[in-house]
Amino acid sequence: MTTGYVYHELYGWHDTGTHASLAPADPRRGIQPFHHLENPEAKRRVHELLVVTGLIDRLTRLTPRPATDEEILLVHTPGHLARLTKANDTGGDGGDGSTPFGRGGLDIARLAAGGAIRAAEAVLEGKVDNAYALVRPPGHHAVPDSGMGFCMLANIAIALRAVRRTHNVARVAVVDIDVHHGNGTQTVFWEDPNVLALSLHQDRFFPPNSGFVTERGAGAGFGYTLNLPLPPGTGTGGYLEATRRVVLPALRRFKPDLIVVAAGFDANALDPLGRMMLTPRAYREMARMVLDAAADLCDGRVLCVHEGGYAAAYVPFCANAVIEVLAGVTEPFREPFSFDNMGQQELQPHQDAAIKATEALLGDI
Ligand SMILES: O=C(CCC1CCCC1)NO
Ligand SMILES: [Zn+2]
């Protein structure tokens, strides 16, 4: 099994400032300077764990390149690109007031989107069987006319639109496991029956009023947007049942040529921005199920693009578990501490009800 891997040190130089988690530091409002939640630590430590454990030596390193204006404009409006370009010398915000970037921030965002493109190309050209793009800033909230929720450019959407012009890939399934709704991907492909936008996320967290099971796509795309809002506190049982009963049947019905995972890890048990309870074992089992489905459906073609995940000491073990599955590692790394025995990790009735509601919609794929 050959697994492509995209990472660049510049991803760690994306400067989100002292936003004191979510709001700009301001003594008049009692907000002390603190690092922004979307800071380099968690992602840099994912890379460093791969290096220290030696897993990186089993991966095929792919060098990211900047996404061009033309590629960005396949998804975003000229106005959004102009906003980012104008602020690139000074630093600014992606558009929602919560997406700060420093000088050269657009250059790094281009490298993130270009990293997703490069990884998608390598998978589609058969250079690797699957790939992991450890990119930053994240992308799954960005919509055509604005950045949002720490996302400046819609990395996955740009990659898909770019490679669909140059490669023979008709149907793509995007499985978003970030704890927040993949609204950006959903918005871009809302009317597209050839992209299945499937999101598992914490119910009514972010973006506000987004990610309801009733959001199903429109026109020819109706039924190809699938949302599974899960109750806060959902753990391994809920996610594995959701994967078994919603994700896998959806993939089997959709028959994708490529499976893309919006690999956010903020559903981890220690995350400051999520209220779920996942562990490396849970992520490993979800990845195993998706990889097995990919082997049956699309010659194993899976592309993971990193999104959120803010517990800097825990996310590395969660992401490492997924990358081990991609790389076919049979002796998984034993993470030093786990929360598999947390109370109510098994499926709970209210979580089962949420799964049932989305399960009922599979027939429209
Ligand atoms: O991890 C994220 C960022 C979510 C935050 C953006 C502002 C409040 C919640 N999205 O996937
Ligand atoms: Zn998130």
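The values are calculated or read from the model by the stated rules, or taken from the named source; none is laboratory data. Since the structure is predicted, the reported quantities are computational estimates derived from the model, not experimental observations. Neighbour counts are summed over all protein chains in view; Cβ atoms, including those assigned to glycine, are modelled from backbone coordinates with ideal geometry. Each accessible area value is taken on the protein alone, full model and side chains, heavy atoms only, with ligands, DNA and RNA left out. Shrake-Rupley method; radii C 1.70, N 1.55, O 1.52, S 1.80 Å.
Take Thr77 and Arg65, extend 7 Å from each Cα along the Cα→Cβ direction, and tell me the distance between the two endpoints in nm.
For Thr77 paired with Arg65, the spin-label model returns 3.0 nm.
Name the residues whose placed amide hydrogens come within less than 5 Å of the amide hydrogen of Val260, ignoring near sequence neighbours (fewer than 5 apart) on the same chain.
Ala173, Val174, Val175, Leu303
Rounded, prolate or oblate, given the Cα gyration tensor of the stretch 52-204, with a/c below 1.5 counting as rounded? List each step's numbers first, then the result.
Details: a/c = 1.43, a/b = 1.22, b/c = 1.17.
Rounded shape, in that the Cα axes give a/c under 1.5.
Work out from phi, with θ = phi - 60° and the Karplus expression 6.51 cos²θ - 1.76 cosθ + 1.60, the ³J(HN,Hα) of each residue of the stretch 178-185, listed in order in whole Hz, and give x for Gly and Pro.
Ordered by residue, 3J(HN,Hα) equals 4, 6, 9, 4, x, 5, x, 4 Hz.
Tell me, what is the per residue accessible area of the chain in Å², probe radius 1.4 Å?
Working: 13550 Å² over 365 residues.
It amounts to 37 Å² per residue over the chain.
Quick one: in the chain, what % of C-alpha pairs are over 39 Å apart? Provide the component values of the computation, followed by the final result.
On the way: 4709 of 66430 pairs.
Percent of Cα pairs beyond 39 Å in the chain: 7.
Per residue of the stretch 147-155, what does 6.51 cos²θ - 1.76 cosθ + 1.60 with θ = phi - 60° give for ³J(HN,Hα)? Whole Hz please, x for Gly and Pro, Karplus curve as stated.
x, 6, x, 6, 9, 8, 10, 7, 3
Once every DSSP H run of n ≥ 4 in the chain is given -39500 (n - 2.57) and the sum is divided by its residues, what mean residue ellipticity at 222 nm do you get, rounded to the nearest 500 deg cm²/dmol?
After summing the helix terms and dividing by the residues of the chain, the value is -10000 deg cm²/dmol.
Mind checking which lysines have their C-alpha under 23 Å from Lys127, skipping anything on the same chain fewer than 8 residues away?
Partners found: Lys255.
What spacing in nm lies between the two simple spin-label points modelled at Thr214 and Leu10, each 7 Å away from Cα in the Cβ direction?
4.4
Whose amide H sits under 5 Å from the amide H of Phe339, counting only residues 5 or more places off or on another chain, with H placed in the peptide plane?
none
Taking the Cα centre of each part, how many Å lie between the stretch 275-331 and the stretch 6-68?
19
With no solvent and one equal point scatterer placed on each C-alpha of the stretch 215-365, evaluate the Debye formula and give log10 I(q)/I(0) for q = 0.08, 0.15, 0.21 Å⁻¹, two decimals.
-0.22, -0.81, -1.46
Calculate what fraction, in whole %, of the accessible area of the chain sits on carbon and sulfur atoms when a 1.4 Å probe is rolled over the protein chains.
Values: 7270 of 13550 Å².
That share works out to 54 percent.
Would you please give the residues with an amide H less than 5 Å from that of Tyr132, counting only those at least 5 places away or on a separate chain, with H modeled from the backbone geometry?
For Tyr132, the qualifying residues are Gly4, Tyr5, Val6, Cys304.
Ranked highest first by the average count of other Cβ atoms within 10 Å around their residues, in what order do 329-341, 104-116 fall? Don't skip to the answer; put the middle values down first.
Numbers: 329-341: 12.0, 104-116: 25.4.
In descending order of packing, they fall as 104-116, 329-341.
Can you work out the Karplus-derived ³J(HN,Hα) for every residue in the stretch 262-268? Use 6.51 cos²θ - 1.76 cosθ + 1.60 with θ = phi - 60°, whole Hz, and x for glycine or proline.
In residue order, the calculated couplings are 7, 8, x, 10, 7, 8, 6 Hz.
Of the DSSP beta bridges with both residues in the stretch 3-364, give the percent that are antiparallel, rounding to the nearest 5.
Details: 5 of 40 bridges.
Looking only at bridges with both residues in the stretch 3-364, the antiparallel portion is about 10 percent.
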